[in-house]
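Chemist: Below you'll find the structure I mean.
Read-outs: derived from the displayed coordinates by stated rules, not from any lab. Model, not experiment: these values are computed from the prediction. Cβ: placed from backbone, ideal geometry, glycine included. Neighbour counts: every protein chain shown.
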């Protein structure tokens, strides 16, 4: 992986000018495939797995993971076992931020009772979104287990929360901004860091844990 | 938004934002655990200077579903009956740390005064003032119309159906709404005329000449004295029946029309008039109904009537209004919009 150069498939994107591309389209695809295998391995099959994406990018990632899970284990049905979980009304920073629009929460028909719920988010940062998601899940049912998958773990946790499945650990400074771009929303796949100090190289700690 | 006082000063995108938020709130109300922690620790005061059951209960339910603390204050049996002024009541509420005040008052403009006189720094929600405005009622009516006519909910197919998703994100462009009855005394009619207009709908007011206010010609709507021809020729997508507000008619029901029976003959919705409506049209009523006067039992209980659903939608719309007014940085004096 070469940092600092545009990846194939991201040529005419005006939104990616500043910032360093740390994962390209093929890296994102490989990371998702590996996460899908890890989910199946951890759950010993995919028959009780429910994927819940956290808007907005998490929903797209969950949909892609669902396709991969289905191809690994036909017991997983992307139509039936995929949902989205909006956590806006459970956030602890509602009074510090401008008013946020409330998103859609859509659960699988059979609910999440007794299932293994895998939360899917794009970037894991403070952990506060996941705290809100755990509270939201608590109001929706009692899953057998809740796991967390994220494409990028950028550190700086403010709560005792740890992901189970990580696409890439990305050491960052607090001031930096990590953005996940996905073809469905942004036109192309990439993970971009902006606001990085000039001269600092892209630290590469390898994939996974 | 800082306050919700009138539908006339709601912009189209703000109105749609409230309706879309209400759709998400409504979705949470079908869950087993209906309570959300969103407004935990905030205080909502229901300040009612006029009798109301459904609006007060609806606001109370909405606030409680969002985990806010609710204080009910009705003028009867309170210091107001001892002669306390609105200002002193407001200062008391301010001292108690109210975050939002839901106010119903017999005087048109009382909520505006409460919001802008500098007595309070809480968000003010108008729950009906005199014969002026009742914004949350209009919003729940618009939400109900959008769900059925635009979104095509509950098998009411055809019509102007554009999306299958209860019409989320859509406006009411091209939808025709007839508002029938006692327009003169109705804040519901006034609130609806401006909101429906903002959302792109066409409105016709149908009323006896005596029950249309002076100056109705300047309102953004048509008027008619003939219910039958409006239903048959104009073909509305929704018909909103207004309550004949006898308590506001000094001199009894005879002051504005010769007899209740004549009113029913000319302006009441019955089975015959229901049959004149297009297939997909719905019937609304803000309640409480005078069965047999402005609406017959057959019409009120028909499957076209969405009157009971309006009550459920009222809770969702009021949750949305409270959420949008109370979340976000409290110091923002400007219009807060969604991210």
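Chemist: Taking 0.36 nm per intervening residue step and subtracting the Cα-Cα distance, what contour gain separates residue B:224 from residue B:91 on full extension?
Modeler: 43.3 nm
Chemist: Translational diffusion coefficient of the stretch B:135-310 at 25 °C, 0.890 mPa s, Stokes-Einstein with Kirkwood Rh over Cα pairs, in µm²/s as a whole number.
Modeler: 153
Chemist: If you split all Cα-Cα distances of the stretch B:193-296 into 5 Å bins from zero, what percentages do you get per bin, shortest first?
Modeler: 2, 11, 21, 25, 22, 13, 5, 1, 0
Chemist: Averaged over all directions, how much area does the convex hull of the C-alpha atoms of the stretch B:88-128 cover when projected, in nm²?
Modeler: 2.5
Chemist: Right, something else. Tell me the mean residue ellipticity at 222 nm calculated for the protein assembly as shown from its helices only (DSSP H runs of n ≥ 4, each -39500 (n - 2.57), averaged over every residue, nearest 500).
Modeler: It comes out at -9000 deg cm²/dmol, rounded to the nearest 500.
Chemist: I need the fraction of alpha carbon pairs in the stretch A:26-174 separated by more than 21 Å, rounded to a whole percent.
Modeler: For the stretch A:26-174, the share of Cα pairs beyond 21 Å comes to 40 percent.
Chemist: Sticking with this structure for a sec: Calculate log10 I(q)/I(0) of the stretch A:87-185 for q = 0.24 Å⁻¹, where I(q) comes from the Debye formula with a single equal point scatterer on each Cα and nothing for solvent.
Modeler: One equal scatterer on each Cα of the stretch A:87-185 leads to -1.44.
Chemist: What's the FRET efficiency of residue B:214 with residue B:67 using the Cβ-Cβ distance as r and R₀ = 56 Å, to the nearest 0.05?
Modeler: 0.80
Chemist: FRET efficiency for residue B:108 and residue A:185, Cβ-Cβ distance as r, R0 = 35 Å, nearest 0.05?
Modeler: 0.15
Chemist: Also, quick follow-up: Rounded to two decimals, what is the ratio between the C-alpha radius of gyration of the stretch B:1-74 and 2.2 N^0.38 Å?
Modeler: Cα Rg divided by the expected 2.2 N^0.38 Å: 1.22.
Chemist: Please report, in cubic angstrom per residue, the volume enclosed by the convex hull of the alpha-carbon atoms of chain B.
Modeler: Here the figure is 138 Å³ per residue.
Chemist: Rounded to the nearest 10 degrees, what's the angle between the helix B:86-95 long axis and the longest principal axis of chain B, both from Cα atoms, 0 to 90?
Modeler: Approximately 50 degrees, to the nearest 10.
Chemist: Separation between the residue A:113 and residue B:34 pseudo-spin-labels, each 7 Å from Cα along Cα→Cβ, expressed in nm?
Modeler: If labels sit at residue A:113 and residue B:34, their model points lie 1.9 nm apart.
Chemist: Now for a separate question. Could you tell me what percent of the DSSP beta bridges with both partners in the protein assembly as shown are antiparallel, to the nearest 5?
Modeler: Expressed as a percentage, antiparallel bridges in the protein assembly as shown total about 15.
Chemist: Now, a different point. Angle, helix B:307-326 long axis vs. longest principal axis of chain B, Cα atoms, 0 to 90°, nearest 10?
Modeler: 30
Chemist: Another question, then. How many nm separate the modelled label positions at residue A:174 and residue B:121, each set 7 Å beyond the Cα in the direction of the Cβ?
Modeler: Those two pseudo-labels are separated by 2.7 nm.
Chemist: How high is the relative contact order of chain A, in percent, counting Cα pairs under 8 Å that sit 6 or more residues apart?
Modeler: After rounding, I find 23 percent.
Chemist: Given the Cα atoms of the protein assembly as shown, and with Rh set as the inverse mean 1/r over their pairs in the Kirkwood sense, what is Rg to Rh to two decimals?
Modeler: Value, to two decimals: 1.05.
Chemist: While we're here: Just need the relative contact order of chain B here, percent rounded to a whole number, with Cα pairs under 8 Å and 6+ apart.
Modeler: Relative contact order comes out at 21 percent.
Chemist: Right, next: Can you give me the orientation-averaged projected area of the convex hull built on the Cα atoms of the stretch B:203-254, in nm²?
Modeler: So the Cα hull casts an average projection of 4.3 nm².
Chemist: Can you tell me the orientation of helix A:128-140 relative to chain A, as the angle in degrees between its alpha-carbon axis and the longest Cα principal axis, to the nearest 10?
Modeler: Tilt of helix A:128-140: around 10 degrees.
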